[in-house]
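Report on one structure; see the data block that follows.
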Amino acid sequence: MNKDVLTARVADMLVQAGFITSERCYVRPRSFDLAARRGTLLFLLKILSNIDGLNEKTAIEVRRLSKYLLGSPLLVGEKTRDHRLERGVVYFRYGVPTVNINTLADCLLNDVPPFVYAAHGGLYVKIDGELLRQLRLAQGLSLGALAEELSVSRRTVSKYEMDSMDTSIDVALRLEEIFNRELIKPVDMMATMTVKADQSPIEDNVLRHLAQIGFEVVPTTQSPFNAITQNDDLVVLTGVSKYSSTMLKKAKLMSSLSVVTKTRSAVIVDGDTKLECIEETVLIERRELKTIDKTSEFADLMMEKQGR
């Protein structure tokens, strides 16, 4: 199915699972297509029919955004190269957990997590190493004896018990057969590779001013906003734009995203505007920003424009 149809199906399934979802992000290029929240669980979802369409730059940005928004990146797709993604298997694309829509539905609608992940060389599972050690000792089996049963080395069994090595599905099932206990652990779809902070200098003058008055500014290149601006008390999806119909549309989308991500949103407008807000997004004229030299003043101005 094409991307639009797949995105619509994913959005419908998320709503069925009790999530609130943002409007679809339409800017190009875009690091994510939807934000979705259920309680404390926040996903930034990228949706592609072929997951090979996700490049490293985009993956790094969605992982970085997820870190600052206290969420998890997730790629939903149908195939990679000429192979369809398997149900119940988690793949990884540049550190972003990746599943097909059936795996996502099993997890969110039926509370059945995936137990298998794909890596170089095939499919693997994680086993409970501490439980394996307890069961082995309880049965009086040595490392060598268990290794012989599994046709692996003694060192390999030791690594299983230290949780430093995952195993094939066949070996894991053989272990469960030997000890008559479930040992395979579910794959955490919220796990992702850490991402380094962006050390590049802030080039935009508006964003640089926000950094100078005390905000941490995380610039973006593939989002409907230009940066995440935050301090201990405030997280703002921040746009910088001339007043235009395109800016108004982006401000509306930013409002939708801020509701789902539980942040605030603001656009610094180059020029005059009679509007104070577009839904939840505050519009601040550039000349107003120049008079602000404290983060608290910026927060106060936002609240004033929203009538709070």
Which of the listed residues, 291, 245, 220, is farthest toward the dipole's positive end in the stretch 205-305, when Lys, Arg count +1 and Asp, Glu count -1 at the beta-carbon?
245
Any aspartates and glutamates whose Cα falls less than 19 Å from that of residue 67, other than same-chain ones fewer than 8 residues away, would be 33, 56, 188, 198, 216, 232, 233
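Per-residue ellipticity at 222 nm for the chain, helices alone: DSSP H runs ≥ 4 residues times -39500 (n - 2.57), over residue total, nearest 500 deg cm²/dmol?
About -11000 deg cm²/dmol.
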Could you give the length gained by full extension between residue 285 and residue 142, i.e. 0.36 nm per residue of separation minus their alpha carbon distance, to one decimal place?
44.2 nm
With the cut-off at 22 Å, tell me which of the pairs 46/79; 79/252; 46/250 have Cα atoms farther apart than that.
79/252
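Sort 62-69, 250-257, 293-300 by the packing proxy (mean of other Cβ within 10 Å over each peptide's residues), most packed first.
Numbers: 62-69: 21.8, 250-257: 23.5, 293-300: 14.9.
The most tightly packed comes first, giving 250-257, 62-69, 293-300.
On full extension of the chain, what length is gained from residue 293 through residue 153, given 0.36 nm per residue of separation minus the C-alpha to C-alpha distance?
44.0 nm
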How far is the Cα center of the stretch 1-17 from the Cα center of the stretch 166-196, in Å?
29
Assigning unit charges at the beta carbon (Lys, Arg +1; Asp, Glu -1) and nothing else, what dipole magnitude in debye, to the nearest 20, does the stretch 1-152 show about its Cα centre?
580
Return the ratio Rg/(2.2 N^0.38 Å) for the stretch 1-158, where Rg is computed over Cα atoms only.
1.27
The chain: relative contact order from alpha carbon pairs under 8 Å, six or more residues apart, as a whole percent, is 14
Leaving out same-chain residues fewer than 8 places away, which lysines sit with a Cα under 18 Å from that of residue 185?
126, 159
Considering the options 259, 169, 77, tell which one lies farthest towards the positive end of the dipole of the chain, charges being +1 on Lys and Arg and -1 on Asp and Glu at the Cβ, about the Cα centre.
77
Dipole of the stretch 123-185, Cα-centred, from +1 at each Lys and Arg C-beta and -1 at each Asp and Glu C-beta, to the nearest 20 debye?
180
Report the charge-dipole magnitude of the chain in Debye, nearest 20, computed about the Cα centre from +1 at each Lys and Arg Cβ and -1 at each Asp and Glu Cβ.
500
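Roughly speaking, what is the stretch gain from residue 109 to residue 84, that is 0.36 nm per residue apart minus the C-alpha to C-alpha distance, in nm to one decimal?
Details: separation 25, 0.36 × 25 = 9.00 nm, distance 2.18 nm.
Full extension from residue 109 to residue 84 adds 6.8 nm.
Laboratory data are not the source of any read-out in this text; all were calculated from the coordinates shown. This is a predicted model, so every value here is computed, not measured. In this analysis, Cβ positions are derived from the backbone assuming ideal geometry, glycine residues included, and neighbour counts consider all displayed protein chains.
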